[in-house]
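These notes are about the structure you will find just below.
The values are calculated or read from the model by the stated rules, or taken from the named source; none is laboratory data. Treat the numbers as computed from the prediction; the structure is a model and nothing was measured. Quick reminder, even Gly has a Cβ in these numbers, built from the backbone with ideal geometry, and neighbours come from all protein chains shown. All accessible areas refer to the heavy atoms of the entire protein, side chains included, with ligands and DNA or RNA removed. Shrake-Rupley method; radii C 1.70, N 1.55, O 1.52, S 1.80 Å.
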Amino acid sequence: MYDYLIIGNGIAGLSATEEIRKKDSDASILIVSEEKPSTYWRTRLSELICKDFEEDEIFVKKEPWYSEKHIEERLSTKVEKIDPEKRIAYLGDGEEIEFGKALIATGARAFVPPITNVDSKGVFAIRTVDDLRSFKEYVADKKEVVVIGGGILGLEAAFSAQKLGLNITVIESFDYLLARQLDRELSEKLEENLNNMGITTYTGKNTQEILTKDGAVCGVKLADGTEIPADAIMVQAGIRSNIKMAQESGLETDRGIMVNDHLETGHEGIFAAGDCAQIGQFTIGLWTSSQEMGKIAGNNMTGDSESYKQPKPFSTLMLGDIKLFSAGMNSGEGIEEEKKEIDGKIYKLFKKEDAYVGGILWGDIKYQNDVKNIVFKGANIEETKLGTEIFGK
């Protein structure tokens, strides 16, 4: 019998564990995870494409942290389902574990679009350390790599893979790169910079088929008939919440596991947090959000009643000389732009009905906190350095 069962050891599960231990020094805590390693910095996977690393270098917490905190881990272990009423977890090997309260933090998996031959040898979706190692091993003697997906993760992966000496092509189905983060002008500037670095880009293009020879990838065919040679393909097309275990357990699910503002499911004492959780209409899928959710869930499992407030969207991308920051909205009906350009650095704020709703910084991101304060907290622009130093307010 464990007082607290944590299912999944991503950042949400670990953050919850940490908070529970702070509040309850004597409780028994068990983390069960399908993955082999302890919790690691998943956010570093793209950068590690071009680096050699030892596994313990990327752990968020290293031993003796777990043993000192009396936190038990069972890795490479699957929870098939739980009985929310009887408080029993059923493991893949047939073992049954009793628990007092449980957190489901099963995370998400890479979304792989239904492209013809997508399960061929040489197609990768990097979501785990094992995925990363498999990719690096496979491309060791290869040259041409196609990245399907031109979002932030796709571009970071493309930039890192290029450092291995690979020729990189990025295919994005939206009309322009980072359509959620950038306006068209700065997206085209980003694309031009990437092209100058030697990364080929196709925007507004859908991948129709993966071409194969002897069962292995040899290229891709786009919907317009264009064929691009490829020795390997990396799919970076977003994520989908891991909800199968929750469904097997009779919990309410939609795209994610349904929880209230306290991150509790419809069953008292059963919580969910991180990429697998859905509040209202939203699943979030951001490391920082998962970390925050885990903290709040952990606190609430020990008796608090803290509410999770949905994060405001902002993004940072740093690839070599490319530095950009984006927050809030930058397009839509009634949105007006204020722009300053100084020595090639671009500062944009977007206004709707006298309120600032978004901002983008290009080449100089030191004002990012000012942008967040102006856009998300309604700070007076005249009282910020961005306002006085750049926009002359």
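Numbers for the structure displayed
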quantity	calculated
Residue within segment 77-98 that is within 30 Å of Leu324 (Cα to Cα), at pLDDT 95 or above and surrounded by fewer than 20 Cβ atoms within 10 Å (Cβ to Cβ) present	no
Subset of segment 81-117 [more than 18 Å from the chain's Cα centre (by Cα), within 17 Å of Ser33 (Cβ to Cβ) and either among the hydrophobic types (A, V, I, L, M, F, W, C) or not in a strand (DSSP E or B) (or both)]	Ile82, Ala89, Leu91, Gly92, Asp93, Glu95, Ile97, Phe99, Ala102, Leu103
Within segment 185-215, considering residues that are exposed (fewer than 14 other Cβ atoms within 10 Å of the Cβ) and either within 13 Å of Gly149 (Cβ to Cβ) or in contact (Cβ under 8 Å) with a residue 24 or more places away in the chain (or both), the one farthest from the chain's Cα centre (by Cα)	Gly215
Residue list for segment 259-286, filter: open to solvent by less than 30 Å² (accessible area, probe 1.4 Å) and under 11 Å from Met301 (Cβ atoms)	Leu263, Gly269, Ile270, Phe271, Ala273
Count of residues meeting criterion [within 18 Å of Glu382 (Cβ to Cβ) and over 28 Å from the mean Cα position of the chain (by Cα)] in segment 352-371	2
Test: residue in segment 317-325 that is part of a strand (DSSP E or B), charged (D, E, K, R) and more than 28 Å from Gln281 (Cα to Cα)	yes
Residue match in segment 8-22 (condition: within 21 Å of Thr106 (Cα to Cα) and part of a strand (DSSP E or B))	no
Members of segment 310-340 that are among the basic types (Lys, Arg) and touching a residue at least 12 places away in the same chain (Cβ under 8 Å)	Lys312, Lys323, Lys340
Some residue of segment 159-166 being closer than 28 Å to Thr116 by Cα, among the small types (Gly, Ala, Ser), within 23 Å of the chain's Cα centre (by Cα) and crowded, with 23+ Cβ neighbours inside 10 Å	yes
Selection within segment 201-236 - of a type in the set (Gly, Ala, Ser) and modelled with pLDDT of 95 or more	Gly204, Ala216, Gly219, Ala223, Gly225, Ala230, Ala232
